[in-house]
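Inspection log for the structure reproduced underneath, given as structure tokens.
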Amino acid sequence: MEPEVSMHPLPHYRMSWHGFKKAVNRAGTSVMMKTGHVERTVDREFETEERRYRTMETAAKKLQKEAKGYLDALRAMTASQTRIANTIDAFYGDAGSKDGVSAYYRQVVEDLDADTVKELDGPFRTTVLEPISRFCSYFPDINAAITKRNHKLLDHDAMRAKVQKLVDKPSSDSSKLPRTEKDAATAKDIYETLNNQLITELPQLISLRVPYLDPSFEALVKIQLRFCREGYEKMAQVQQYFDSSVREDYSNGMLDDKVEQVLQSMRDLSISGLSNN
């Protein structure tokens, strides 16, 4: 026996169909507004607050992206330092092992990568990246509320146009106009409730952005300060392995001359002229 097939659609299909009809009706209302058949409600106050909100939303999303990029760049920079330190150590070879400068430089850079950056990773995520991400996580709900408000505005304008049409061309059914006026009043109440809520709360959200992000801003500065200070302290220790005359030559602007002397000594080597023979 074949299974019995219900002829009644599932509830979520009915809801989807209802939503589809609403979308079609709203699309039709938008077209009629463009052609001048339906008057569009203009709310300058809401438009101003929405523009301010969009500006903040764009800035916050960019801040979230740049905060993540800063952490990635910090890791990339220390990883690059480690690679170049390993290369320098290999380049110096035995010459570097005599005074230990290349090996010590490599160790300092590895410590900076292993200790400082990794120790800053957790605090940066907790105090900077995660608070910014939580702030941005509210945007989808706010945008959904704005979309719903815009939809209810279309419904309100459409019902108002229907009332006006019945007033201009009365129906043979005398009860149609009162029913339509009642539906229009309901649509107006729903729209105004959402609109007033957004007009009230969007400015509050915008004003809260500074006190909310202030602690993260302070944490960012402290993290940057610690990274720069510890990087400076570690690198300063490498200087003790260099000949003091090198630092003096650099300070006196004579280092270029010294480098040129070394290059000239290299050019004077007989091996440099073998390719010309």
Name the residues in the range 45-66 that are in contact with a Cys (Cβ under 8 Å, 6 or more places away or on another chain) and open to solvent by 40 Å² or more (accessible area, probe 1.4 Å), would you?
61, 64
The number of residues in the range 160-177 that are open to solvent by 70 Å² or more (accessible area, probe 1.4 Å) and over 46 Å from the mean Cα position of the chain (by Cα) is 9
Determine the pairs where a residue that is open to solvent by 60 Å² or more (accessible area, probe 1.4 Å), located within the range 227-246, has a partner that is modelled with pLDDT under 85 and aliphatic (A, V, I, L, M) with Cβ atoms under 8 Å apart, the partner being 6 or more residues away or on another chain.
241/101; 242/101
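Looking at the range 198-215 only, could you name the residues that are in contact (Cβ under 8 Å) with a residue 24 or more places away in the chain and either exposed (fewer than 13 other Cβ atoms within 10 Å of the Cβ) or over 30 Å from residue 47 (Cα atoms) (or both)? Reasoning before the result, please.
Step one: of the range 198-215, the residues in contact (Cβ under 8 Å) with a residue 24 or more places away in the chain are 198-199, 202-203, 205-206, 209, 212-213, 215.
Passing the criteria: only 215.
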Before we move on, is residue 266 more than 45 Å from the chain's Cα centre (by Cα), of a type in the set (A, V, I, L, M) and modelled with pLDDT of 70 or more?
yes
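This table checks each residue for (1) hydrophobic (A, V, I, L, M, F, W, C); (2) under 30 Å from residue 50 (Cβ atoms).
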site	(1), (2)
114	yes, no
119	no, no
154	yes, yes
171	no, no
179	no, no
Can you list the helices (runs of 4 or more DSSP H) found entirely within the range 67-145 that contain at least 3 residues being open to solvent by less than 70 Å² (accessible area, probe 1.4 Å) and within 15 Å of residue 235 (Cα to Cα)?
101-111
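The values are calculated or read from the model by the stated rules, or taken from the named source; none is laboratory data. Owing to the predicted nature of the structure, the values given are computational and were not obtained by experimental measurement. When we count neighbours, we look across all protein chains shown, and the Cβ atoms used for this are built from the backbone with ideal geometry, even at glycine. Protein only, heavy atoms only, side chains kept; ligands, DNA and RNA dropped before computing areas. Shrake-Rupley method; radii C 1.70, N 1.55, O 1.52, S 1.80 Å.
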